[in-house]
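Scroll down for the structure; my scribbles are underneath it.
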Amino acid sequence: MLVTELKRPTSLLFFSSPSCDVCVPWKEAAAPYIRRWKAAGYGVMFVQADQPKLQVERAPDGSVNVQDAKTNALERSQLFRAWNVRTFPSLYLLDHGKLIGNTPFLALKTKNAEYYDLQFRTADQLLSKLKD
């Protein structure tokens, strides 16, 4: 499943961690974007750090969820180390599995609202630029 997603012409690879306080509302904000991206043929993968073992499963929304196995290195999982992820949640944009860009987490909290989808909005803009 993971290889299939990575081989797509364009894929979005998201990294998060269970120690991240904003990762739950951030992931919830992804739902409408995932539907659009999967319908457009993009690969969508979510990697969660520091899990007991490496595990890959297809989510009901079509994205691939990867449980990234914890290593002995301080606060670093296998895939986090391999991709040199330093902040999370992070987005890595891929072309046939090769990194073409990334963006760190973005959010905005106002007195009346919270916007956890800014990173996904950014991804939408990047994807539209790739089509041009």
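In order along the range 32-40, the Karplus-derived 3J(HN,Hα) couplings, from 6.51 cos²θ - 1.76 cosθ + 1.60 at θ = phi - 60°, round to x, 6, 4, 4, 5, 5, 5, 4, 7 Hz, and Gly and Pro are given as x.
For the range 59-103, the set of trypsin sites (Lys or Arg not before Pro) satisfying both a DSSP loop assignment and a count of at most 13 other C-beta atoms within 10 Å is given as Arg86. Where both bridge residues fall in the range 21-80, DSSP classifies roughly 50% of the beta bridges as antiparallel.
When only alpha carbons are used to place a centre, the range 11-40 and the range 87-125 end up 9 Å from one another.
Heavy-atom surface analysis with a 1.4 Å probe gives the range 28-84 a carbon and sulfur content of 50 percent of its accessible area.
Determine the percent antiparallel among the DSSP beta bridges restricted to the range 1-129, to the nearest 5.
Counting only bridges with both partners in the range 1-129, antiparallel ones make up about 60 percent.
The HN-Hα couplings worked out from phi for the range 60-71 by the Karplus form 6.51 cos²θ - 1.76 cosθ + 1.60 (θ = phi - 60°) are x, 7, x, 6, 10, 9, 10, 8, 8, 5, 5, 10 Hz, whole numbers, x standing for Gly and Pro.
The radius of gyration of the Cα set in the chain, together with its Dmax, comes out at 14.3, 44 angstrom. The alpha-carbon of Lys7 sits under 16 angstrom from the alpha-carbons of these lysines, leaving out residues fewer than 8 places away in its chain: Lys38, Lys98. For the Cα trace of the range 1-64, dividing Rg by the Kirkwood Rh returns an Rg/Rh value of 0.96.
The values are calculated or read from the model by the stated rules, or taken from the named source; none is laboratory data. These numbers were taken from a predicted model, which means no experiment stands behind them. We place every Cβ from the backbone using ideal geometry, glycine too, and count neighbours over all the protein chains shown. SASA here: full protein model, heavy atoms, side chains in, ligands and nucleic acids out. Shrake-Rupley method; radii C 1.70, N 1.55, O 1.52, S 1.80 Å.
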